[in-house]
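What follows is a single structure, written as structure tokens, with notes after it.
The values are calculated or read from the model by the stated rules, or taken from the named source; none is laboratory data. Nothing here was measured: the structure is a model prediction, and the numbers come from that model. Quick reminder, even Gly has a Cβ in these numbers, built from the backbone with ideal geometry, and neighbours come from all protein chains shown. Protein only, heavy atoms only, side chains kept; ligands, DNA and RNA dropped before computing areas. Shrake-Rupley method; radii C 1.70, N 1.55, O 1.52, S 1.80 Å.
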Amino acid sequence: MNLKKYLVRALHRLQKGPGYTYKELLVWYCDNTNTHGPKRIIKEGPKKKLMWFFLTLLFASLVFWQWGILINTYLSYNVTSSLSIGFKTMKFPAVTVCNANPFKYSEVRPLLKELDRLIEAALERILQPGNSSEDESPPLDLELWNQIPLVLIDEHDKDNPVILDIFETNQTAVGNDTNVNNDAAGDNETMGNKIMNDFGAKPTCSHQGSDNCTYRNFSSAAQAVTEWYILQSTSILSKVPLHERIRMGYQAEDMILACLYGAEPCNYKNFTQIYHPDHGNCYIFNWGMDEEALNSSNPGAEFGLKLILDISQQDYIPYLSSAAGARLMLHQQKSFPFLKDQGIYAMAGTETSIGVLVDELERMGYPYSDCTMNGSDVPVKNLYSQYNTSYSIQACLRSCFQNHMVEICGCGHYMFPLPEGVTYCNNEDNPGWAYCYSSLRSSIKQRQICIDSCKETCNDTQYKMTISMADWPSEASEDWIFHILSYERDMSTNVTLDRNGVIKLNIYFQEYNYRTISESAATTIVWLLSSLGGQFGFWMGGSVLCLIEFGEIIIDSVWITIINIIGWCKGLKQRRARARYPDAPPTVSELVEAHTNLGFQHEVPGAVPRAGELPPEPGTPPPNYDSLRVRPPDTLGPDSNRDTE
């Protein structure tokens, strides 16, 4: 109770100045505020009072409207990009070189023997119909063919295309449940790549016909044959252990003939070997995994990396690699090279010079952009972390696709790293994997899920390349150059190299100037406060103190509301008490008189009750006067009057 009284008194003391009603508070505020307008409302006549009330309300609305726009602009977290140019000694980029052909044909031929016989027989039937020499050779193993056959699609009648299997003479009309996807409009008869659908316990779609197949069209048989061969070889090579695939690829001592970095000689031991599914064995110079990255001493071609490579074009797989040369890529240290997306080709028989310029990108993180520093906040598990490489959006997108492949198809694709406990897809263990992979790759929904899940890195370094080429070696010098290179590689006096198998590379910084493209916040808290104050001062002549005054009146309104609530609660309590006791409560003298009469009046048998008093009920026991605490006469004070005999 004391605490309640203290709080009420404190509220009254706080509310002492403005008043105890909302009207008094509003008048007090208008009379004492420093904001222009409210004073004129209470001091002018009726007409001007109305005009000033309208103007004050209008300009206050404009202020709040402008404030809303400014706050929304600030919360949009826009950025501005700035470009600065610096000069410093820079780290030489990591250089990854691979052969365009992933395996030596002499090493992988036993695994691809039946596949090569199938494709050769198919090409013979396509190019020379009716002149097949299949009867003179061992019978073909059509198991691979029946799983993913090549077919000819006759589209003379666009509404009813006819499918002609290369190894069958019968024709099959495409059913309503079969999809024909035209990748390019062209001839009436095109080479189709038939991919089966094998979900659940359904049988594999074979050359004999199935109602649930997908036909993918190509405008050229060369494209169809290459895609079909890659798909089939992927299934075969996925069952080969990793160490065997590395052995079947190009070794560093055979591929790297000469190396020079600046004025220092180097060799294949200065390169780090990794296995890349697209290109086999790849070799990285200056990766920075085991030792510090190298700095470039000076810009210019004489201070860069010079390589001579042997790609051994005569040992290429004929149906797998249609391009000859070296695949190379410049990237940051400790990052995985995605050569299929970011690499470039160097042509055989040429000297390729690559001048490098550096661009450094610095993005602002959350909330200005949805970038990540190291990928720890990305919901996709990075499968490339097994290489101990840094995060990149390419690694995230491929990891996301592989995770979806494992979840939907039940196996992983050969071109991407595997999660733990998962095997690569192949035709024997996963007959329907090709259809599942094709459907997943063409699914816009799955691609969008991965795009939304992955993030760009906040800091990135990009290498801009200026490429020039020339024939190498020249006709005048090729004889002695090939003699020396052949002797250094094979200790042979005979020439074992030719123009179609060697490549020379020069990689260097064009200049030490580097560009930094950095982001900065377009709106800051300082900008927001100054803009808010400017709008408030322009429309109403106010300042921060005026806002404090407005806050004060809000606090006073709260106090008045609390005082009114307390008064209402007290009045409600009194009304409830009056409703319970409608008569006025007895006074103290009346209570004393009632107790006195109750203590000394004895019931006389047969006595008549007093006026207004009801007689006791028959059988009612007499009252117990001992329970009444009435002071007896003999205990009165010495000054009291006592009755005598």
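Overview of values
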quantity: Residue in segment 496-549 that is farthest from ARG363 (Cα to Cα), counting only those that are of a type in the set (S, T, N, Q) and part of a loop (DSSP other than H, G, I, E, B); calculated: THR496
quantity: Every pair of residues 6+ apart whose Cβ atoms lie under 6 Å, when the first sits in segment 479-504 and is closer than 28 Å to ILE344 by Cβ while the second is part of a helix (DSSP H, G or I); calculated: THR496/SER486; THR496/ASP490; LEU497/PHE482; LEU497/LEU485; LEU497/SER486; ASN500/GLN313; GLY501/GLN313
quantity: Residue count, segment 481-516 (criterion: among the basic types (Lys, Arg), open to solvent by less than 70 Å² (accessible area, probe 1.4 Å) and over 21 Å from ALA263 (Cβ atoms)); calculated: 1
quantity: Residues of segment 299-310 classified as in contact with a Leu (Cβ under 7 Å, 6 or more places away or on another chain) and open to solvent by 20 Å² or more (accessible area, probe 1.4 Å), total; calculated: 2
quantity: Segment 359-378 residues that are of a type in the set (D, E, K, R) and open to solvent by 80 Å² or more (accessible area, probe 1.4 Å), paired with ones that are part of a loop (DSSP other than H, G, I, E, B) and modelled with pLDDT of 90 or more (beta carbon under 7 Å, 6 or more apart); calculated: ASP370/LYS455
quantity: Residue pairs meeting the criteria (Cβ under 8 Å; at least 6 apart or on separate chains; first among the polar types (S, T, N, Q), in segment 551-572; second open to solvent by less than 40 Å² (accessible area, probe 1.4 Å) and assigned to a helix (DSSP H, G or I)); calculated: SER557/LEU25
quantity: Count of residues meeting criterion [open to solvent by 70 Å² or more (accessible area, probe 1.4 Å), without any contact (Cβ under 8 Å) to a residue 60 or more places away in the chain and of a type in the set (Asp, Glu)] in segment 463-478; calculated: 1
quantity: Identity of the residue in segment 405-449, more than 21 Å from the chain's Cα centre (by Cα) and of a type in the set (Asp, Glu), that ends up most open to solvent (accessible area, probe 1.4 Å); calculated: GLU420
quantity: Given (1) modelled with pLDDT of 90 or more; (2) open to solvent by less than 30 Å² (accessible area, probe 1.4 Å); (3) over 33 Å from the mean Cα position of the chain (by Cα), number of the condition PHE536 does not satisfy; calculated: (1)
quantity: Which numbered condition ILE566 fails, given (1) modelled with pLDDT under 65; (2) among the β-branched types (Val, Ile, Thr); (3) surrounded by 10 or more Cβ atoms within 10 Å (Cβ to Cβ); calculated: (1)
quantity: Segment 311-358 - residue that is more than 19 Å from SER468 (Cα to Cα) and in contact with a Gly (Cβ under 8 Å, 6 or more places away or on another chain) and, of those, most open to solvent (accessible area, probe 1.4 Å); calculated: GLN314
quantity: Hey, PRO277 open to solvent by less than 30 Å² (accessible area, probe 1.4 Å) and not polar (S, T, N, Q) or not; calculated: yes
quantity: Residues located in segment 379-398, provided they are closer than 17 Å to TYR275 by Cα, touching a helix residue (DSSP H, G or I) at 6+ places or on another chain (Cβ under 7 Å) and either of a type in the set (Ser, Thr, Tyr) or touching a residue at least 60 places away in the same chain (Cβ under 8 Å) (or both); calculated: TYR384
quantity: Qualifying residue in segment 257-267 (condition: in a loop (DSSP other than H, G, I, E, B), modelled with pLDDT under 95 and farther than 17 Å from ARG489 by Cα); calculated: yes
